[in-house]
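Notes for the one structure printed next.
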Amino acid sequence: MREYWGYITSNKNRTTFYVGMTNNLARRIGEHKAGEAPSFTKRYNVSDLAIAREKQLKTWHRQWKLDLIEEFNPTMRDMYEDIL
């Protein structure tokens, strides 16, 4: 069985969030950082990895996502280096 990751990325100002799924987290976040991801992430410069989670996050309200991220990553630092 393949392992999948749910993840949330954000822009530098933490004003926009993107929720995605992938079977290769390092590759996918690298694509976001390189601007090779879908137009939404490229348009809003959403590339910082915030936290891995399940697919249901796509249906969550913004505040729920903020609360979840701040629980595990209160400073909202880019965690991309942690997965390499």
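The residue that is farthest from the chain's Cα centre (by Cα), counting only those in segment 1-30 that are farther than 17 Å from Ile69 by Cα and among the hydroxyl-bearing types (Ser, Thr, Tyr), is Tyr4.
What helices (runs of 4 or more DSSP H), lying completely within segment 9-84, carry at least 2 residues that are at pLDDT 90 or above? Steps first, answer last, please.
Numbers: elements: 25-33, 39-43, 62-72, 80-83.
Helices (runs of 4 or more DSSP H) meeting the threshold: 25-33, 62-72.
Which of the residues spanning segment 1-45 are of a type in the set (Val, Ile, Thr) and in contact with a helix residue (DSSP H, G or I) (Cβ under 7 Å, 6 or more places away or on another chain)? Before you say what the answer is, go through the steps one by one.
Initial filter on segment 1-45 (of a type in the set (Val, Ile, Thr)): 8-9, 15-16, 19, 22, 29, 41.
Matches in segment 1-45: Ile8, Thr9, Val19, Thr22, Ile29, Thr41.
The values are calculated or read from the model by the stated rules, or taken from the named source; none is laboratory data. For clarity, every value in this text was computed on a predicted model and none was experimentally measured. FYI the Cβ positions are ideal-geometry reconstructions off the backbone, even for glycines, and counts take in every protein chain you see.
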